[in-house]
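Following: one structure in structure tokens, then a few remarks.
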Amino acid sequence: MVEKARSGHPGGAMGGADFIHILYNEFLRYDPMDMTWKNRDRFFLDPGHMSPMLYAVLCLAGFYSLEDLKQFRQWGSVTPGHPEVDLLRGVENTSGPLGQGHAMAVGAAIAERFLSARFGEWMEHKTYAFISDGGVQEEISQGAGRLAGHLGLHNLIMFYDSNDIQLSTTTSEVTTENTALKYEAWGWSVITIEGNNPEEIRKALNKAINEKEKPTLIIGKTIMGKGAVKEDGSSYERQTATHGMPLGEAGASFEKSIANLGGDPAAPFSIFPEVAETYGVRRQALINEAAERKEAEKAWASENRELAAKLERFFSGKAPEFDFASVAQKENQATRSASSTVLAALAGKIENLVVSSADLSNSDKTDGFLKKTTPFRKGDFSGSFLQAGVAELTMACVMNGMALHGGVIPACGTFFVFSDYMKPAVRLAALMELPVKYIWTHDAFRVGEDGPTHQPVEQEAQIRLMEKLLNHKGHNSLLVLRPADVHETTAAWKMALENVSTPTALILSRQNITNLPVAGNGFESALKLEKGAYIVQDDAKNPDVVLLASGSEVSTLLEGAALLRQRDQLSVRVVSVPSEGLFRQQPETYQKQVLPCGIPRFGLTAGLPVTLEGLTGDTGSVWGMNSFGYSAPYKVLDEKLGFNGENVYIQVKKLLAGV
Ligand SMILES: Cc1ncc(C[n+]2csc(CCOP(=O)(O)OP(=O)(O)O)c2C)c(N)n1
Ligand SMILES: [Mg+2]
């Protein structure tokens, strides 16, 4: 594959092939006829660069044709360089960004425990992860390793392809850690084997499968580029060059290496009859075994009709039903508190909602949910809360893994400024179309006394860039909502739960916000949020100026609007824009109705001005932040930084005067 594509990573794949062959041919349990079977074992490949190894085994298992393999890494092929997720072809997930893949496996293993706790151990299955030197070195392995050990995820079995070679050096040049002791310290069972020895692999896997207390790490000492030889027949194993180059280019002989491994250099894309037979037998055995287990599942379902219906609902991928109009919000609260109220209402009602926080539950207000449930503990997954510890990236990856597993709706919270720590996982969620919910609170410099390190400024602009990035289905890859009061927060949560096709971010305030002055039912009015932007207050069909903002800045605009009317008899429109990305998807006529052409627009944002400049256009202006902020009580910061009605008045007057 790599040789034909003239690009890819042969060395690691050749060393890991023995393990992957034994795993697929003897251990991994799935239904080749039905890859969506809920109780299949999951396999997560952390080093996505070893995808040729996965494609090869999945070809033998009947999911890819040899033709597909010949198209490795080519335009329009089903064999991209680093596959993300392609369930029907057997790719549960692979990670290009090293480390994230095995953290996702931890999430899948947690989801399995969560579901088994509710529906019974008959649902029990394993999650296998494959990790390489790169994944072990990535910092996220600390979070994943700690969490899996702490929670006693005995259903998680990880093979470490320890070939002592990485991309540009040998591992000895960057690490001298004792990896086995490290994982043992985290509470793992660790088995070290010769990773190319079939008997040792089998023995280790059997031990891991029977482990009841701990996750298992099998450290397989493997041989990079196993079987590679040079033109003169001498060994070309354990060479860094084979990490990311075709063998021929790296210095080995492609033909001689194929021959040395028992293949046919004249026909490198061929499956020998005895291999086809072995995999055929395995395939049939898997089909039979799955059929048997499905019979048992059916018997369970007919005896437990209500539970069975619930299980189907959990895995349906459909939005759960919930009466959001019944959520009783207290007026004039911070939107993080409003989110807490919604979460408290959802607890126990949306039974497969799993909420997590990176040690900030009392600040990000996910504790509204936690108070009504219990956190996961080793041996007890009856609750619905994951205390992730201070590990935002791990938490976000674990959420992705839960979503990939299916059956649960993952949501996680932390301070908005720490979305920086989560971004790599948010990106993968967006790419893989996973409906994870992010609860990001303390949305602006109004965190005040904590100082600039804790004040999000550029984060909103960064995150909103992903509203402009389309996923493979051509949709915005992330839905970002910054509600302007408690009712918009309820509406935003409704949208988050109804969004089953992409991740959703909720950006919420720390400080109280005065409710928007809407006539009638606040929640009914807030549902206009579904259009991404809507008119909150309007003086005329063609006002003198349109004021735009999201979140708490909408209230500040309302104060400014009152001054503009009172002092200068101007007619003003105030627009709440919780999501520019969503607004831009609305019909042109609606967009023009909200933002008519030819009327000056003024934007106010606690983020960078660029957050709103796409909406205010050439003839408008934006008052935003252009520094990291300062340490002071938030009311002082508001005054000093110009976030008050008076400054809105001054800036709008300047805009209208053309200054
Ligand atoms: C987060 C991240 N950083 C860097 C890379 C680039 N990269 C790809 S593989 C690799 C290291 C390869 O070493 P190892 O994981 O041991 O794989 P092997 O060389 O054994 O195949 C690096 C740095 C990446 N894919 N992801
Ligand atoms: Mg390696």
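The values are calculated or read from the model by the stated rules, or taken from the named source; none is laboratory data. Quick caveat: nothing in here was measured; it's all calculated off a predicted structure. Virtual Cβ from ideal backbone geometry, glycine too; neighbours counted across all protein chains shown.
What to note about this one:
- One residue stands out among those in segment 113-154 that are among the hydroxyl-bearing types (Ser, Thr, Tyr) and assigned to a strand (DSSP E or B): the one that is nearest to ligand 1 (Cβ to nearest atom), which is Ser132.
- Note on segment 48-64: among residues that are part of a loop (DSSP other than H, G, I, E, B) and hydrophobic (A, V, I, L, M, F, W, C), the one that is nearest to the chain's Cα centre (by Cα) is Phe63.
- With respect to being without any contact (Cβ under 8 Å) to a residue 40 or more places away in the chain, within 16 Å of ligand 1 (Cβ to nearest atom) and surrounded by fewer than 21 Cβ atoms within 10 Å (Cβ to Cβ), Ser172 fits the description.
- Within segment 501-524, being closer than 23 Å to Thr414 by Cα and among the polar types (S, T, N, Q) holds for Ser501, Thr502, Thr504, Ser509, Gln511, Asn512.
- Selected residue (only one of Gly96, Gly76 is part of a loop (DSSP other than H, G, I, E, B), within 16 Å of ligand 1 (Cβ to nearest atom) and at pLDDT below 95): Gly96
- Per-region count, segment 175-192, residues within 16 Å of ligand 2 (Cβ to nearest atom) and either in contact with a helix residue (DSSP H, G or I) (Cβ under 7 Å, 6 or more places away or on another chain) or of a type in the set (S, T, N, Q) (or both): 4
- Of all residues making up segment 98-125, the number that are in contact (Cβ under 8 Å) with a residue 12 or more places away in the chain and either within 16 Å of ligand 2 (Cβ to nearest atom) or of a type in the set (Asp, Glu) (or both): 6
- In segment 486-544, the residues that are of a type in the set (Lys, Arg), more than 27 Å from Cys597 (Cβ to Cβ) and either touching a Pro at 6+ places or on another chain (Cβ under 8 Å) or in a helix (DSSP H, G or I) (or both): Lys494
- Residue, farthest from ligand 1 (Cβ to nearest atom), within segment 1-13, restricted to residues that are in contact (Cβ under 8 Å) with a residue 60 or more places away in the chain, touching a helix residue (DSSP H, G or I) at 6+ places or on another chain (Cβ under 9 Å) and closer than 22 Å to Leu98 by Cα: Met1
- Selection status of Thr79, of a type in the set (S, T, N, Q), under 25 Å from Lys221 (Cβ atoms) and buried (at least 23 other Cβ atoms within 10 Å of the Cβ): no
- Taken over segment 266-308, the residue count meeting the criterion of being free of Cβ contacts under 8 Å to residues at least 12 places away in the same chain and of a type in the set (Phe, Trp, Tyr) is 1.
- Index of the failed condition, Tyr160 passing every other in (1) more than 11 Å from ligand 1 (Cβ to nearest atom); (2) in contact (Cβ under 8 Å) with a residue 60 or more places away in the chain: (1)
- You will find that of Glu67, Glu3, Glu26, Glu84, the residue that is outside any loop (DSSP other than H, G, I, E, B), away from ligand 2 (no atom under 16 Å from the Cβ) and at pLDDT below 95 is Glu3 and no other.
- Search result, residues across segment 622-659 that are under 18 Å from Ser550 (Cβ atoms) and hydroxyl-bearing (Ser, Thr, Tyr): Tyr634
- Members of segment 29-47 found to be touching a Leu at 6+ places or on another chain (Cβ under 8 Å) and either within 14 Å of ligand 1 (Cβ to nearest atom) or in a loop (DSSP other than H, G, I, E, B) (or both), listed by number: Arg29, Tyr30, Asp31, Pro32, Met35, Thr36, Lys38, Asp41, Leu45, Asp46, Pro47
- Segment 451-481: number of residues that are of a type in the set (D, E, K, R) and surrounded by 14 or more Cβ atoms within 10 Å (Cβ to Cβ): 4
- Hits in segment 155-165 (condition: more than 14 Å from ligand 2 (Cβ to nearest atom) and either assigned to a strand (DSSP E or B) or surrounded by fewer than 24 Cβ atoms within 10 Å (Cβ to Cβ) (or both)): Leu156, Ile157, Met158
- The residue list Thr341, Thr414, Thr394, Thr373 contains one member that is in the same structural domain as His487 (by TED's automatic domain parsing), at pLDDT 95 or above and assigned to a strand (DSSP E or B), which is Thr414.
- Taken as a whole, the structure leaves Tyr183 outside the set of residues that are within 16 Å of ligand 1 (Cβ to nearest atom), of a type in the set (Ser, Thr, Tyr) and free of Cβ contacts under 8 Å to residues at least 40 places away in the same chain.
- Hits in segment 594-609 - residues which are touching a residue at least 40 places away in the same chain (Cβ under 8 Å) and not hydroxyl-bearing (Ser, Thr, Tyr): Val594, Leu595, Pro596, Ile599, Pro600, Arg601, Phe602, Gly603, Leu604, Ala606, Gly607, Leu608
- Filter result for Gly16 (in a loop (DSSP other than H, G, I, E, B), of a type outside the set (A, V, I, L, M, F, W, C), within 16 Å of ligand 2 (Cβ to nearest atom) and touching a helix residue (DSSP H, G or I) at 6+ places or on another chain (Cβ under 7 Å)): no
- Residue list for segment 1-27, filter: hydrophobic (A, V, I, L, M, F, W, C) and touching a strand residue (DSSP E or B) at 6+ places or on another chain (Cβ under 6 Å): Phe19
Let's see how each residue does on (1) closer than 30 Å to Lys378 by Cβ; (2) at pLDDT 95 or above; (3) within 38 Å of the chain's Cα centre (by Cα):
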residue	(1), (2), (3)
Thr216	yes, yes, yes
Val229	no, yes, no
Gly233	no, yes, no
Tyr236	no, yes, no
Ser257	no, yes, no
Pro273	no, yes, no
Leu286	no, yes, yes
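- Residue within segment 132-139 that is within 14 Å of ligand 2 (Cβ to nearest atom), of a type in the set (S, T, N, Q) and either closer than 30 Å to Glu306 by Cα or free of Cβ contacts under 8 Å to residues at least 40 places away in the same chain (or both) present: yes
- Residues satisfying the stated conditions in segment 620-650, i.e. more than 38 Å from the chain's Cα centre (by Cα) and without any contact (Cβ under 8 Å) to a residue 60 or more places away in the chain: Ile650
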